[in-house]
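K.L.:
The structure that follows is given in the form of structure tokens.
Just so it is clear, none of the values below were taken in a lab; they were calculated from the coordinates. Worth saying up front: this structure is predicted, and the values here are computed from it rather than measured. Glycine also receives a Cβ, built like all others from the backbone with ideal geometry; neighbour counts cover every protein chain displayed.
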Amino acid sequence: MICPRCKKEVPGAAMFCIPCALAASYRGMLEQQLNWIDQVADGAITLVSRRNAQGFHVLMAGENKQAYCGMVLTSGRDVRTTYQALNLGTCKECREAIDALIERSRPKVA
Ligand SMILES: [Zn+2]
Ligand SMILES: [Zn+2]
């Protein structure tokens with residue numbers, strides 16, 4: 001079967017394209033985060049920063065392994081933090097994803 005989305009051959013007997021399914025669920029999760037992003041921005045929600053070899057990835061609010069950058073981390077050393085107190089070693093993509101959500105939630109007034 002050829003994936004209708006990315007046009008790549010789906011290997012074996014798989015009924016769907018796993019990379020596309022994961023990307024779609026990640027995008028859906030990111031949209032869900034808009035419900036909480038104001039509280040994240042205010043520091044009302046405590047975030048979990050999970051460390052791997054590249055640095056600290058910020059787990060999405062309410063998630064236990066999905067990071068804002070799209071990475072899935074099933075284990076690692078966890079640090080509880082607020083958005084304001086994010087570690088300097090925080091993954092750049094995680095931070096950008098959070099900032100982009102905050103910007104969508106709170107459009108800058110000109
Ligand atoms: Zn695909
Ligand atoms: Zn990350």
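K.L.:
Of the residues SER105, SER75, which single one is out of contact with any Gly (no Cβ under 8 Å at 6 or more places or on another chain), touching a residue at least 60 places away in the same chain (Cβ under 8 Å) and away from ligand 1 (no atom under 16 Å from the Cβ)?
P.N.:
Result of the check over SER105, SER75: SER105.
K.L.:
Further question on the same structure: Determine which member of the set LEU47, LEU22 is of a type in the set (A, V, I, L, M, F, W, C) and either under 14 Å from LEU101 (Cα atoms) or away from ligand 1 (no atom under 16 Å from the Cβ) (or both).
P.N.:
From the options LEU47, LEU22, the qualifying one is LEU47.
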